[in-house]
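Asks: Take this structure, written in structure tokens, and hold onto it; I'll ask about it next.
The values are calculated or read from the model by the stated rules, or taken from the named source; none is laboratory data. All values derive from a computational prediction rather than experimental measurement. Because the Cβ atoms are built from the backbone with ideal geometry, glycine has one as well, and the counts that use them run over all protein chains shown.
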Amino acid sequence: MRRIVVTIDGPAGAGKSTVAKQLARKLGYRLLDTGAIYRAVALTAQRLGIAWTDSPKCGQLAVDLDIRFEFIGDKNHVFLAGEDVTAAIRTPEISQGASQVSALPEVRAGLLELQRRLGAGGGVVVEGRDTGTVVFPKADAKFFLTATEAERARRRLSELTESGAQVDYEKTLAEIRERDLRDSSRDVAPMKPAPDAVLVDSSAQTIEQVVDSLAQTVETRAKRI
Ligand code: DC
């Protein structure tokens, strides 16, 4: 069976990361977390005192980004110039920063080639907001994964609480709303389903059910090619 490019886009908290990781494992595919790349740009900018609204400077950071992914046990670790930034890029502050830098045209342009290079050759599950529309428009299997706002806030809250953060439901819901609005209303590559994406609502499904149904679709598509 051919090893294809699979894209999973959708809003924050829809379950993309978990689904993408398990799907990749089930298929024996690589995993490309494009959100982590935007997060890495936001973290680098913050450390250098560059504003998350500065398109030319953040764009240059994107072009120069020295990022590497490596599975350690069950976790996809992110290394920035050799430093493990897996936890540092997951804070609520960097979530907002990533959403801001991702609206900058020069950042998006700067990261396009990197993402395509990391996904080259197929046999990869790519996760993000525009991976089926802009980064891999010719991907053979595209999914747009979503869930109700309340369910997404609940999931994000338990994720953050597990990692030791002090957050509450209302604040998490407000942050998700703010981020979704920015991600879907920006001028460049806004978050939206590709016309040929399969829409999946994960609100009332378990992760296993979602992963199984995506894997079936991928296998059918891969056989057809
Ligand atoms: O999936 P995530 O929460 O790690 O993504 C962080 C931010 O990066 C998100 O708010 C929007 C942005 N992003 C994007 O614009 N395009 C992508 N392909 C992936 C993420």
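Asks: Hey, could you check region 26-54 for residues that are among the hydrophobic types (A, V, I, L, M, F, W, C) and in a loop (DSSP other than H, G, I, E, B) and say which is surrounded by the most Cβ atoms within 10 Å (Cβ to Cβ)?
Replies: Going residue by residue through region 26-54, those that are among the hydrophobic types (A, V, I, L, M, F, W, C) are 27, 31-32, 36-37, 40-43, 45, 48, 50-52.
Next, from what is left, pick out any that are in a loop (DSSP other than H, G, I, E, B): 50-52.
Details: Ile50: 18, Ala51: 13, Trp52: 20.
Only one residue tops the list, namely Trp52.
Asks: Here's something else I'd like to know. List every residue pair whose Cβ atoms lie under 7 Å apart, where the two residues are 6 or more positions apart in sequence or sit on different chains, the first residue falls within region 12-29 and is within 14 Å of Val210 (Cβ to Cβ), and the second residue, located anywhere, is acidic (Asp, Glu).
Replies: Pairs found: Lys16/Glu127; Ser17/Asp33; Ser17/Glu127; Ala20/Glu127.
Asks: Taking the stated definitions as given, is Val125 part of a helix (DSSP H, G or I) and β-branched (Val, Ile, Thr)? Spell out how you get there, then give the answer.
Replies: Numbers: part of a helix (DSSP H, G or I): no; β-branched (Val, Ile, Thr): yes.
No.
Asks: Please work out if Val134 is among the aliphatic types (A, V, I, L, M), out of contact with any Ser or Thr (no Cβ under 9 Å at 6 or more places or on another chain) and modelled with pLDDT of 95 or more.
Replies: Details: among the aliphatic types (A, V, I, L, M): yes; out of contact with any Ser or Thr (no Cβ under 9 Å at 6 or more places or on another chain): yes; modelled with pLDDT of 95 or more: yes.
Considered against the rule, which asks whether it is among the aliphatic types (A, V, I, L, M), out of contact with any Ser or Thr (no Cβ under 9 Å at 6 or more places or on another chain) and modelled with pLDDT of 95 or more, Val134 comes out as yes.
Asks: Right, something else. Go through region 147-202 and count every residue that is in a helix (DSSP H, G or I) and of a type in the set (Asp, Glu). Talk me through it step by step, then tell me what you get.
Replies: Our first condition is that a residue be in a helix (DSSP H, G or I); within region 147-202, this holds for 149-162, 169-185.
Subsequent filtering for residues that are of a type in the set (Asp, Glu) retains 149, 151, 159, 162, 170, 175, 178, 180, 183.
Selection size over region 147-202: 9.
Asks: Still on this model: Give the residue, chosen from Leu80, Leu114, that is surrounded by fewer than 23 Cβ atoms within 10 Å (Cβ to Cβ), within 14 Å of the ligand (Cβ to nearest atom) and aliphatic (A, V, I, L, M). Lay out the reasoning, then the answer.
Replies: Details: Leu80 fails: within 14 Å of the ligand (Cβ to nearest atom).
Result of the check over Leu80, Leu114: Leu114.
Asks: When the residues of region 169-197 are narrowed to those that are surrounded by 15 or more Cβ atoms within 10 Å (Cβ to Cβ) and either without any contact (Cβ under 8 Å) to a residue 12 or more places away in the chain or over 17 Å from the mean Cα position of the chain (by Cα) (or both), which ends up farthest from the ligand (Cβ to nearest atom)?
Replies: Leu173
Asks: Further question: State yes or no: is Glu106 at pLDDT 95 or above, more than 11 Å from the ligand (Cβ to nearest atom) and either part of a strand (DSSP E or B) or among the acidic types (Asp, Glu) (or both)? Break it down into steps so the answer makes sense when it comes.
Replies: Working: at pLDDT 95 or above: yes; more than 11 Å from the ligand (Cβ to nearest atom): yes; either part of a strand (DSSP E or B) or among the acidic types (Asp, Glu) (or both): yes.
Here the answer is yes, as Glu106 does meet what is asked.
Asks: Which of (1) surrounded by 13 or more Cβ atoms within 10 Å (Cβ to Cβ); (2) within 14 Å of the ligand (Cβ to nearest atom) does Ala87 not meet, given it meets every other one?
Replies: So Ala87 meets the others, but not (1).
Asks: Among the residues of region 11-22, what is the count of those that are more than 9 Å from the ligand (Cβ to nearest atom) and either within 14 Å of the chain's Cα centre (by Cα) or on the phi > 0 side of the Ramachandran plot (or both)?
Replies: As a first pass, look at region 11-22 and keep what is more than 9 Å from the ligand (Cβ to nearest atom): 14-15, 18-22.
In the following step, the residues that additionally are either within 14 Å of the chain's Cα centre (by Cα) or on the phi > 0 side of the Ramachandran plot (or both) were identified as 14-15, 18-21.
Adding up the residues that qualify gives 6.
A quick yes/no check of all residues on (1) among the acidic types (Asp, Glu); (2) at pLDDT below 95; (3) farther than 15 Å from Ala109 by Cα:
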site	(1), (2), (3)
Ala36	no, no, yes
Thr44	no, no, yes
Gly49	no, no, yes
Ser55	no, no, no
Gly59	no, no, no
Asp66	yes, no, yes
Asp74	yes, yes, yes
Val78	no, no, yes
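Asks: For region 58-74, which positions are aliphatic (A, V, I, L, M) and not in a strand (DSSP E or B)?
Replies: Within region 58-74, Leu61, Ala62, Val63, Leu65 qualify.
Asks: Which of the residues spanning region 117-145 are more than 16 Å from Arg39 (Cβ to Cβ), of a type outside the set (Val, Ile, Thr) and within 10 Å of the ligand (Cβ to nearest atom)?
Replies: Hit for region 117-145 is Gly132, nothing else.
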